[in-house]
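Since the structure comes first, as structure tokens, the remarks are kept for the end.
The values are calculated or read from the model by the stated rules, or taken from the named source; none is laboratory data. As the structure is a computational prediction, the values presented were derived from the model and not from experiment. Methodologically, a virtual Cβ is constructed for each residue, glycine included, from the backbone with ideal geometry; neighbour enumeration extends over all protein chains shown. Protein only, heavy atoms only, side chains kept; ligands, DNA and RNA dropped before computing areas. Shrake-Rupley method; radii C 1.70, N 1.55, O 1.52, S 1.80 Å.
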Amino acid sequence: MSEVPPSPRQLFHLLDTGSITPEQFRESMAFHAREVIEEMEEDHLNPAAAFVEQMLCRRAAAKLLKHHEETLVREVLLALSELSDFPPGRWLWNAGHPHIPLHTFFRIKREPVFRMVSLDAAPQVVTVVVEYGAAGYTQPKKEEFRLRRDRRNQLGLERRRMILN
């Protein structure tokens, strides 16, 4: 396995198909659990910064929800989480669970940054532009995804392209 294991969603798929052993699955999931625990400890050490980040993320989610239904936004996040070469996918793997607040999937200032810049939805095609990567002085990567519904009405990647800043 690579340095950063696949997202938990991808790990479940790999385990179900027999591509990895249960032990490899547990090790990889432990990595993800440690990552979440480290962030919780950072939030505990700096509650003011954590509060500001939470408010920025809530605002970003509210802006999206003004124009789109929550189920669509979650469906887009879930489709992005299934892409094996999309680094923020490891933070989006459980976006399909409605009991998890939508704002928790956005990362406005906390690294790695993940923002949904625009979302344009038609009945069969959804186009989304996201920014992700490092925060601060370097520009985050900006990428456009065109997602199309299949016969089962699930969104899947049709094409993607990097957007130069």
Diffing the range 122-129: the Karplus 3J(HN,Hα) column from phi (6.51, -1.76, 1.60, θ = phi - 60°), in whole Hz with x for Gly and Pro, holds 10, x, 10, 10, 10, 10, 10, 10
Under Karplus coefficients 6.51, -1.76 and 1.60, residue-wise ³J(HN,Hα) of the range 91-98 in Hz, glycine/proline x
9, 10, 4, 10, 5, x, 8, x
Could you give the nm distance between label points at Met40 and Val117, where each point is 7 Å from its Cα heading toward the beta carbon?
3.4
Accessible area of the chain divided out per residue, in Å², using a probe of 1.4 angstrom:
62
Using the C-alpha atoms of the range 54-120, what convex hull volume per residue, in cubic angstrom, is computed?
82
Give the long-range amide H neighbours of Ala135: residues separated by 5 or more places, or on another chain, with amide H under 5 Å away, using H modelled in the peptide plane at 1.01 Å from N.
Val113
Over the range 1-91, what percent of the accessible surface lies on carbon and sulfur atoms, probe 1.4 Å?
58
Theoretical FRET efficiency, 1/(1+(r/R0)^6), r = Cβ-Cβ of Lys66 and Asp16, R0 25 Å, to 0.05:
0.10
Can you work out the base-10 log of I(q)/I(0) for the chain at q = 0.18 1/Å, using the Debye formula on its C-alpha atoms alone?
-1.28
